[in-house]
Amino acid sequence: MDGAAGSLLLSQQEIERRVAEMGRQISSDFAGRTVTIIGILKGSFIFVADLIRRLDRSLRAEVDFISVASYGNSTSSAGVVQMGKDIEIPVAGKDVLLVEDIIDTGLTLTYVHGLMIERGARSVRVAALLEKAETRKYAGVVDYVGFKIPNRFVVGYGLDYAQLYRNLPEIRILDDV
């Protein structure tokens, strides 16, 4: 180990390459339209920042954040979604792209996706950096997935354990939590 937490799952270079690919695909899919990008805090903030910089410069994009959580300081979903910060941009009649760091059970995503539909979004697409297919209960479509990963607790690149490790540029498996 190189002094950082846990064992390496995805290197900084692997993440950068995949985020660039996702940015190209999203730019193509939303070409000629304005997309309202909603990052789901806190874990997605680094992914959102990197992703929007990888979008084609001709794409019109507005960005906002919502804070909802189902983890707290635990390593598994608490089963209840709690709203923290709501979005400020109205989404009625707009094409929305929800950006999530990781889909574990998908409880948070189910809640936010439903909220966008309820508020009148014209379309709602989902981009997730990571997806744990083994634990996923979210029945909706995930339009853009960075990496499918095993059912392990991961940190880095915005993901945390008890608010720590978000600053790591790579993603690591944290075994002893």
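The values are calculated or read from the model by the stated rules, or taken from the named source; none is laboratory data. Everything numeric here is computed off the predicted structure, so don't read it as measured data. FYI the Cβ positions are ideal-geometry reconstructions off the backbone, even for glycines, and counts take in every protein chain you see.
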Kindly indicate whether any position in segment 6-29 is in contact with a helix residue (DSSP H, G or I) (Cβ under 9 Å, 6 or more places away or on another chain) and at pLDDT below 95.
no
Over segment 82-118, the set of residues modelled with pLDDT under 90 and in contact with a Leu (Cβ under 6 Å, 6 or more places away or on another chain) is none
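From G158, G140, G146, which residue is farther than 20 Å from I46 by Cα and under 16 Å from the mean Cα position of the chain (by Cα)?
Numbers: G158 fails: farther than 20 Å from I46 by Cα; G146 fails: farther than 20 Å from I46 by Cα.
None of the other options fit; the residue is G140.
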For segment 106-129, give me each residue that is closer than 13 Å to G140 by Cβ and not aliphatic (A, V, I, L, M).
G106, T108, T110, Y111, H113, G114, S123, R125
Residues of segment 19-40 satisfying the condition of being surrounded by fewer than 17 Cβ atoms within 10 Å (Cβ to Cβ) and either over 21 Å from V142 (Cα atoms) or touching a Gly at 6+ places or on another chain (Cβ under 7 Å) (or both)
G32
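Kindly provide the set of residues from segment 164-177 that are assigned to a strand (DSSP E or B) and either buried (at least 20 other Cβ atoms within 10 Å of the Cβ) or modelled with pLDDT under 95 (or both), ordered by number.
L164, I171, R172
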Considering only residues that are surrounded by fewer than 23 Cβ atoms within 10 Å (Cβ to Cβ) and of a type in the set (F, W, Y), which ones fall in segment 124-163?
Y138, Y144, F147, F153, Y161
Which of the residues spanning segment 50-59 are modelled with pLDDT of 95 or more and exposed (fewer than 13 other Cβ atoms within 10 Å of the Cβ)?
R53
Inside segment 94-104, can you point out the residues that are crowded, with 18+ Cβ neighbours inside 10 Å and farther than 16 Å from V48 by Cβ?
K94, D104
